[in-house]
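For reference, the structure discussed in these notes is given below.
The values are calculated or read from the model by the stated rules, or taken from the named source; none is laboratory data. Predicted, not measured: the structure shown is a model, and the values here were computed from it. Heads up, the Cβs are rebuilt from the backbone with ideal geometry, glycines too, and the neighbour counts pull from every protein chain shown. Each accessible area value is taken on the protein alone, full model and side chains, heavy atoms only, with ligands, DNA and RNA left out. Shrake-Rupley method; radii C 1.70, N 1.55, O 1.52, S 1.80 Å.
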Amino acid sequence: MEKQYNPVSVEDKWYAIWTEKKLFHGDEFSKKPKYSIVIPPPNVTGILHMGHALNNTIQDILIRFKRMTGYEAMWMPGTDHAGIATQNVVEKKLAKENKTRHDLGREAFLKEVWKWKEQYHATITNQLKKLGSSCDWDRERFTMDEGLSKAVRKVFVQLYNEGLIYRGKYIINWCPRCQTALSDEEAEHKESNGKLYHFKYPFKNKEGFVIVATTRPETMLGDTAVAVNPSDERYKDLIGQMLVLPLVNREIPIIADDFVDKEFGTGAVKVTPAHDPNDFQMGLRHKMTPIVIMDETAHMTGPIPQQYIGTDRFACRKQIVADLEALGLVEKIEDHTHAVGQCYRCATVVEPYYSNQWFVKMKPLAEGALAAAVDGKITIYPERWKKTYIDWMENIRDWCISRQIWWGHRIPVWYCKECGKTIVAEETPSECPYCRSFDMTQDEDVLDTWFSSWLWPFSTLGWPQDKKALQKFYPTDVLVTAPEILFFWVARMIMAGLHFTDTLPFTDVILHGTVRDKTGRKMSKSLGNSIDPLEIISVSGADALRFSLIVITAQGADVFLSKDTFDIGRNFGNKLWNASRFLLENIKTKHVFTGLPSSASLSAFDKWILSRLNTTVAEVSKAIEAYRFNEAAHLLYDFTWRDFCDWYIEAKKADLYQTEDNARMENALNTCSWVLGNILKLLHPIMPFITEEIYSTLREKIDYSSLLDSEYIMTSSYPKANESLVNPVIEKEFSLLKDVITAIRTIRSENNIPPDKKGRAIIVPSSQENADLLCPHITEINMFCRLNETIIDLKAQGPKFSGQAVVMGNQVYLELAGLIDISVEKDRIKKEIAKTEKFVESTKARLSNPSFADKAPADVVAKEKEKLAGIIENLEKLKLSLKALEE
RNA sequence: GGGCGAUUAGCUCAGUUGGUUAGAGCGCUUGCUUGACAUGCAAGAGGUCACUGGUUCGAUCCCGGUAUCGCCCACCA
């Protein structure tokens, strides 16, 4: 084995083997219970970023863990066509050739996008593979493949027939750059510093003005009224009077509407039904015809003064203000912060736009999805998101699903030119069912991307056909994603699952944090602050990336990364590698693993590591089941590094080196390889590659049939805790041994004693019990502390000029002629005395509080008393030590 | 405007069903080319657990308030 672990070739090798042997495939005919996850499909033209790395690592841990614990595990992979995003990318490419999609035409443009899709699809899936994702690639789906498209059309038709899909002219969020409608969720509200403009609208028949306040002056060109609250004393008498809209010179009435807030602005609102959702509602209430004054690119148009026509909305805003200023109609301009909607794909400020769109009626769909969360049939981790989910469900609004782009599922609706009827059908109709005409045109729009994603958990499994896989793997078990798409995707999947399959598509939702840089900014390509996962993988390996991400990510918390974050995983992998290497290099001929030695021939150290191992096994499994992955990673890190490497292997070194006593060597090999084998299995879900690599080497050197139960670790069984090997007494006793060793090391270190100077330790245990514990470990104490002699004697008199310490009542002396600096020793003991005295004081104070004895539970009081006795004993011994040094 | 989260070592973060002397990684100091590993070993320094009231025998943890930061939602133009 190499001195340093080199992940690059190893990782690719194993992924190829796993794939070739089809070890990731979930068999729908299996008798085993299933465990299934559907991947949140990444954008087909996307590139793997740290968010994906975290997301997919979590899913892979669960899938691999469940696979090893006896489930038929299936992880459904796939990609999303990501309508607007993908179309934008391809349009950008065309723009470089000075072309637009309109130059190509719909058909040619779509061909171009498909080409792009084919090319980039491989990029994202290869990146997922690099990460080690054990997806069932045989089942991979794409949101626009034939089966899924069929599901989309079926669902559309069904909802239409149920009256849950309708078309109508409403105000929707419009992105003037993408030139399409957006859903409410796709318009992101960002705080921004704007202005509140106060304009004077003159009366028609008399002197004076009504002052209105607006943040969007350009919309005044489309005003159809000014509204006031009917109970507003200031304006009561003006209701019904006419104003003259400045610049346009159109007459508009003053109307009364409860919607108007008397407190805000001047209490008088300009009403622009075609360009504001509230005004639109008011327009309906007052039967006003909306006046459209902006086109789909947010340039001014319509029945407005010539000089504004064709100007951009923001340029027009400036111009309007200037023009009103010139007329003396600007009362004042105030600073005003408000939330402005932006397109979630291109950050362009969205415009409320009056247009004909398709909608899904959401209230009926939300009922069940709401109940599922309230009743606890769905659990969201961390739980605090449940409230957010419930709020959204309770206040749900209809979903605008039509998009004026080309890349996506074409709306399955045809309009008959002959009879004018609307035909909604899963397949292209050959003739109009109403008038037999052949002259029909399909709706030009496509569906919102999320209209296919919300079917993902069952459409990918073949719904509505192919029942076998669906029966086996649906519903899925857990959905792992980022909270950003809780509404976009998770909530809608739950609604779709309930509505179309009568089943919740999953029962658990894991929402992990957002990946940020060290200054807290979201990592993104546009900010240029992202760390490329592939770069980390190519240097330190996917295991290092995975382990590092997992170990630092608390459940649901955001993740802050810098490049050296990944050293944690790299170093840990290297440590594991070298521990394994050490063990394997001490195996001269193939070792036959004969099982763990019988309890009688286990040393205390053996019993200790087995106790720690089985405790760890139980805790790790519990942590993974509870989705506390960082806890699992920490437990494994500590057990592997601190317990196994720092103490156990160090203690076993002598046995592994020596050649005389074969029985001891055999014993050491058996226990070490047993523990290592278990570590590899425990770690495999988090670090799949390095564990598989070491496991394969292990199988070469060790005949392991009773321990290694499968050719590959990924198909091995996950360790189960053996309760009978958990031994709290041994663990407690070992902390004493470790403390004694550390005390001697501290004395050495603080006195600057060179490593090659060996000395003698004299230990005066505080009890026969402690003497009995420490005596069997004289060899180990000598080795760990580089001593040539250790004397353990209850009645020994500590030598005067020595390093001294008191550990849990046991006195420890280190004798090294001429090398101990007495002043150093005195200082340390004085410090120790001061610390102990403080401790004694606080404990005494607690015990002497009468209400403590009265009210605290008896065992707590007893514990405190015992503690006090112990530390007083310590204190006495420390004082004696100091006295001895001072004589 | 409503809701949620965070505030713990120099930095980044765990943790606590309320009970010994609060943890990790990195960084820092000191000593080590010790026959697995310098991506390492050993030892050490470093914290009034944001502030403030309350509940309690006991609060870093539970409750109220304040401050700062962050996130989500929202049709006051």
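Looking at (1) open to solvent by 70 Å² or more (accessible area, probe 1.4 Å); (2) over 28 Å from residue A:69 (Cα atoms), which one does residue A:700 not meet, given that it meets all the others?
With respect to (1) open to solvent by 70 Å² or more (accessible area, probe 1.4 Å); (2) over 28 Å from residue A:69 (Cα atoms), residue A:700 is out only on (2).
Only residues that are touching a Ser or Thr at 6+ places or on another chain (Cβ under 8 Å) and at positive phi: list them for the stretch A:160-213, please.
A:179
Conditions tested, residue by residue: (1) within 25 Å of residue A:814 (Cβ to Cβ); (2) without any contact (Cβ under 8 Å) to a residue 12 or more places away in the chain; (3) crowded, with 16+ Cβ neighbours inside 10 Å; (4) more than 10 Å from RNA strand B (Cβ to nearest atom).
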| residue | (1), (2), (3), (4) |
| --- | --- |
| A:833 | yes, no, yes, yes |
| A:851 | no, yes, no, no |
| A:860 | no, yes, no, no |
| A:876 | yes, yes, no, yes |
| A:885 | yes, no, yes, yes |
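Limited to the stretch A:326-340, what total is found for residues that are more than 19 Å from residue A:265 (Cα to Cα) and either among the acidic types (Asp, Glu) or touching a His at 6+ places or on another chain (Cβ under 8 Å) (or both)?
Adding up the residues that qualify gives 0.
Determine the pairs where a residue that is farther than 16 Å from residue A:111 by Cα, located within the stretch A:74-95, has a partner that is hydrophobic (A, V, I, L, M, F, W, C) and open to solvent by 20 Å² or more (accessible area, probe 1.4 Å) with Cβ atoms under 8 Å apart, the partner being 6 or more residues away or on another chain.
From residues that are farther than 16 Å from residue A:111 by Cα, the pairs are A:77/A:137.
I'd like to check something: does the stretch A:54-71 contain any residue that is on the phi > 0 side of the Ramachandran plot and either away from RNA strand B (no atom under 16 Å from the Cβ) or of a type outside the set (Phe, Trp, Tyr) (or both)?
So far as the stretch A:54-71 goes, yes, one or more of its residues are on the phi > 0 side of the Ramachandran plot and either away from RNA strand B (no atom under 16 Å from the Cβ) or of a type outside the set (Phe, Trp, Tyr) (or both).
Out of (1) of a type in the set (A, V, I, L, M, F, W, C); (2) at pLDDT 90 or above; (3) under 19 Å from the mean Cα position of the chain (by Cα), what's the single condition that is false for residue A:494?
Result: residue A:494 passes all but (3).
For residue A:431, all conditions in the list (1) more than 16 Å from RNA strand B (Cβ to nearest atom); (2) in contact (Cβ under 8 Å) with a residue 12 or more places away in the chain hold save one; what is the number of the exception?
With respect to (1) more than 16 Å from RNA strand B (Cβ to nearest atom); (2) in contact (Cβ under 8 Å) with a residue 12 or more places away in the chain, residue A:431 is out only on (2).
Would you please name the residue that is farthest from RNA strand B (Cβ to nearest atom), looking only at residues in the stretch A:714-751 that are open to solvent by 70 Å² or more (accessible area, probe 1.4 Å), of a type outside the set (Asp, Glu) and touching a residue at least 12 places away in the same chain (Cβ under 8 Å)?
That would be A:720.
Given the options A:383, A:431, A:418, name the one that is within 41 Å of the chain's Cα centre (by Cα) and open to solvent by 40 Å² or more (accessible area, probe 1.4 Å).
A:383
Being within 8 Å of RNA strand B (Cβ to nearest atom) and open to solvent by less than 50 Å² (accessible area, probe 1.4 Å) is the filter here, so list the residues in the stretch A:389-403 that pass it.
A:392
Among the residues of the stretch A:74-115, how many are among the hydroxyl-bearing types (Ser, Thr, Tyr) and buried (at least 19 other Cβ atoms within 10 Å of the Cβ)?
Qualifying residue count for the region: 2.
Please determine, by comparing only the residues of the stretch A:787-818 that are among the β-branched types (Val, Ile, Thr) and out of contact with any Ser or Thr (no Cβ under 9 Å at 6 or more places or on another chain), which one is nearest to residue A:759 (Cα to Cα).
Checked the stretch A:787-818; the qualifying residue nearest to residue A:759 (Cα to Cα) is A:791.
Every residue in the stretch A:434-444 that is surrounded by fewer than 17 Cβ atoms within 10 Å (Cβ to Cβ), over 17 Å from residue A:153 (Cα atoms) and of a type outside the set (S, T, N, Q), please.
Of everything in the stretch A:434-444, those that are surrounded by fewer than 17 Cβ atoms within 10 Å (Cβ to Cβ), over 17 Å from residue A:153 (Cα atoms) and of a type outside the set (S, T, N, Q) turn out to be A:434, A:435, A:436, A:438, A:439.
Does any residue of the stretch A:14-36 turn out to be under 30 Å from residue A:344 (Cβ atoms) and either without any contact (Cβ under 8 Å) to a residue 40 or more places away in the chain or surrounded by 20 or more Cβ atoms within 10 Å (Cβ to Cβ) (or both)?
Yes - at least one qualifying residue is present in the stretch A:14-36.
Of the residues that sit in the stretch A:768-794 and are without any contact (Cβ under 8 Å) to a residue 24 or more places away in the chain and under 22 Å from residue A:876 (Cβ atoms), which one is nearest to RNA strand B (Cβ to nearest atom)?
The extreme case among them is A:769.
Among the residues of the stretch A:37-45, is any in contact with a helix residue (DSSP H, G or I) (Cβ under 7 Å, 6 or more places away or on another chain), open to solvent by 20 Å² or more (accessible area, probe 1.4 Å) and outside any loop (DSSP other than H, G, I, E, B)?
Scanning the stretch A:37-45, I find at least one residue that is in contact with a helix residue (DSSP H, G or I) (Cβ under 7 Å, 6 or more places away or on another chain), open to solvent by 20 Å² or more (accessible area, probe 1.4 Å) and outside any loop (DSSP other than H, G, I, E, B), so the answer is yes.
I need every pair where a residue in the stretch A:545-563 that is in contact (Cβ under 8 Å) with a residue 40 or more places away in the chain and of a type in the set (Gly, Ala, Ser) has its Cβ under 7 Å from the Cβ of a residue that is open to solvent by 60 Å² or more (accessible area, probe 1.4 Å) and near RNA strand B (Cβ under 8 Å from one of its atoms), sequence separation at least 6 or different chains.
Filtered contacts from the stretch A:545-563: A:562/A:518.
Taking the stretch A:186-207, which residues are open to solvent by less than 50 Å² (accessible area, probe 1.4 Å) and within 12 Å of RNA strand B (Cβ to nearest atom)?
Listed by number, the residues that qualify are A:186, A:187, A:192, A:194, A:196, A:197, A:198, A:199.
At pLDDT below 90, more than 8 Å from RNA strand B (Cβ to nearest atom), open to solvent by 30 Å² or more (accessible area, probe 1.4 Å) and under 16 Å from residue A:200 (Cβ atoms): does that describe residue A:284?
no
Taking the options A:654, A:632, name whichever one is in a helix (DSSP H, G or I), buried (at least 21 other Cβ atoms within 10 Å of the Cβ), modelled with pLDDT under 95 and not acidic (Asp, Glu).
A:632 is the lone residue from the list that is in a helix (DSSP H, G or I), buried (at least 21 other Cβ atoms within 10 Å of the Cβ), modelled with pLDDT under 95 and not acidic (Asp, Glu).
In the stretch A:57-67, is there at least one residue being among the basic types (Lys, Arg), touching a His at 6+ places or on another chain (Cβ under 9 Å) and open to solvent by 20 Å² or more (accessible area, probe 1.4 Å)?
No, that holds for no residue.
Here is a yes/no grid of residues against (1) at pLDDT below 90; (2) in a strand (DSSP E or B):
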| position | (1), (2) |
| --- | --- |
| A:356 | no, yes |
| A:365 | no, no |
| A:368 | no, no |
| A:372 | no, no |
| A:385 | yes, no |
| A:388 | yes, no |
| A:405 | no, no |
| A:408 | no, no |
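Identify, by number, the condition in (1) aliphatic (A, V, I, L, M); (2) within 16 Å of RNA strand B (Cβ to nearest atom); (3) more than 25 Å from residue A:140 (Cα to Cα) that residue A:511 doesn't meet.
The one condition residue A:511 does not meet is (3).
Mind checking which residues of the stretch A:122-168 are in a strand (DSSP E or B) and open to solvent by 20 Å² or more (accessible area, probe 1.4 Å)?
A:141, A:166, A:167
Anything in the stretch A:569-604 that is open to solvent by 60 Å² or more (accessible area, probe 1.4 Å) and either part of a loop (DSSP other than H, G, I, E, B) or within 8 Å of RNA strand B (Cβ to nearest atom) (or both)? List them, or say none.
A:570, A:571, A:575, A:585, A:588, A:589, A:590, A:594, A:598
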